[in-house]
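J.: Questions regarding the structure given below will be posed in turn.
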Ligand code: FAD
């Protein structure tokens, strides 16, 4: 009987094995995870879970019993150390497990600060796993001083939650503005104003020189020579695809694990999906770090493992929660050459529309679900309304969408 092994028991791995059973696959399935928890959702880690507003079990994508009920062997606390593509085996410690088809859904690893600049001091945290957040939570005490390195979504969400817990937060962003890598200046402006209004000390255009402290972190020196005191530090400087295992097995790499439109790697028996996989998209190659991509790509791979031969076409969307603001993003803004700002109907509601020439690429909507939904539908339908119509407050957006 056929045996499918999946390495990486996260969002994509869980979606892949579940889909295999939904599609009627009745061979053996083994899902292997390095962490001790069953597959769980990460977004609440920097949101409700850190705030203490979400219980552990609610993080789990499915109760642990689900996998047994589906006849899926779930191996936790079991980091795979090697893949032998010629022998078609994976190794966990002394165990060697044979496979007929293998999927790699190993996710991504947070970038860490080098030990030479204080990255190994106690009190320096990353936010990727349940264990990371459980280790950091006790430091989030009222009156404590936190330094957050990095003004991307993870850093900003952590700043919002820590502030709500009474922590005094300084956030340092090396680029000229927060969210520079992922969003237009209008979106950065919106979130800068939001954080400043909650008392976060945001420093842009200044990097970290080094962390200070003896054993435990006590502060930081910035590249402009300023020194700031900190009781703990959160490092949110991006992730790298978790692809070392695949690389050591000789698979082709290109910004992570290279897969074709079906999710197949350079080895015909090995597939990949989620944060770790780069795939062809509109004449280029991209890698997405989002829940929606992890689920949809993994489900596509499950179908293709069973012979569907279906190309993966992402319909990107993403969200971020900060204080009482919900940011929703539809589409991919890569390559945009102009933006249009539209005020929403309610106070604080706003959307930023990204264009390349006359083509609508993406929409960022802040507390503006209506314009998010309209933008998303337009992008999915391949419609590009004139930018002038978006900018005009008198435009009936529903009518524009239906036009
Ligand atoms: P993961 O869910 O990371 O799963 C990969 C798993 O593989 C991990 O458990 C890892 O331990 C395991 N693994 C790796 N190597 C091995 C090995 N050798 N052996 C065994 N197991 C291994 N996305 C959104 O869309 N919206 C959000 O608001 C959002 N917020 C986020 C907030 C935080 C704090 C974080 C960390 C992420 C957030 N994301 C968000 C991103 C989203 O969670 C990821 O894109 C998604 O989890 C990717 O799924 P994945 O299955 O590819 O990787």
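J.: What list do you get for 218, 197 if you sort them by fewest beta carbons within 10 Å?
T.: Least crowded to most crowded, the residues run 197, 218.
J.: Let me ask something else. If you build a Gaussian network model of the chain, linking Cα atoms that sit under 10 Å apart, which residue out of 139, 131, 68 swings the most?
T.: Evaluated over the chain, the most mobile residue of the options is 68.
J.: Apply the a/c threshold of 1.5 to the C-alpha gyration tensor of the stretch 1-137 and tell me whether it is rounded, prolate or oblate.
T.: Oblate.
J.: Relative to a virtual label point 7 Å from the Cα of residue 226 in the Cα→beta-carbon direction, which members of the stretch 144-176 show backbone nitrogen distances below 11 Å?
T.: Backbone N within reach: 170-173.
J.: Something else: Can you give me the P(r) profile for the stretch 176-225? Cα pairs, bins 10 angstrom wide beginning at 0, each as a whole percent.
T.: The calculated distribution, bin by bin, is 23, 37, 32, 8, 0.
J.: Output the relative contact order of the chain, whole-number percent, from Cα pairs under 8 angstrom with separation of 6+ residues.
T.: 14
J.: Moving on. Calculate, in nm to one decimal, what residue 135 and residue 324 gain on full extension: separation in residues at 0.36 nm each, minus their alpha carbon distance.
T.: Result: 65.5 nm gained on full extension.
J.: Efficiency by 1/(1 + (r/R0)^6): what FRET value for residue 164 and residue 26, r their Cβ-Cβ distance, R0 = 41 Å, to the nearest 0.05?
T.: Efficiency, from the Cβ-Cβ distance: 0.30.
J.: Quick check on the chain: of the DSSP beta bridges with both residues there, what percent are antiparallel, nearest 5%?
T.: 60
J.: Ok, one more. Taking the DSSP beta bridges in the stretch 211-357 as the whole, what percent of them are antiparallel, to the nearest 5?
T.: 90
J.: Let me ask something else. Measure out, as a whole number of angstrom, how far apart the alpha-carbon centroids of the stretch 1-47 and the stretch 217-296 sit.
T.: About 19 Å separates the Cα centre of the stretch 1-47 from the one of the stretch 217-296.
J.: Would you please give the FRET efficiency between residue 248 and residue 358, computed as 1/(1 + (r/R0)^6) with r the Cβ-Cβ distance and R0 = 51 Å, to the nearest 0.05?
T.: 0.65
J.: What is the extension gain from residue 308 to residue 96, computed as 0.36 nm multiplied by their sequence separation minus the C-alpha to C-alpha distance, in nm to one decimal?
T.: 73.4 nm
J.: Using R₀ = 51 Å, calculate the FRET efficiency as 1/(1 + (r/R₀)^6) where r is the Cβ-Cβ separation of residue 394 and residue 206; round to 0.05.
T.: 0.75
J.: Cα centroid distance between the stretch 107-154 and the stretch 60-75, in Å?
T.: First find each Cα centre; the distance between them is then 30 Å.
J.: Restricting to DSSP H runs of at least four residues, report the calculated mean residue ellipticity at 222 nm for the chain, -39500 (n - 2.57) per run over all residues, nearest 500 deg cm²/dmol.
T.: So the helix-based figure for the chain works out to -7000 deg cm²/dmol.
J.: Under a point spin-label approximation (7 Å from Cα along Cα-to-Cβ), what is the residue 214-residue 337 distance to one decimal in nm?
T.: 5.9
J.: Right, next: Largest first and to the nearest Å, give the Cα extent of the chain along each principal axis.
T.: Here the spans come out as 64, 60, 36 Å, largest first.
J.: Counting alpha carbon pairs within less than 8 Å and at least 6 residues apart, what relative contact order, in whole percent, applies to the stretch 47-156?
T.: 11 percent.
J.: Quick one: work out the % antiparallel among DSSP beta bridges in the stretch 1-154, nearest 5.
T.: 40
Taken together, the values in this text are just the output of simple stated rules run on the coordinates, not laboratory data. From a predicted model like this one, the values you see are computed outputs, not experimental measurements. Neighbour counts run over all protein chains shown; Cβ positions are idealised from the backbone, glycine included.
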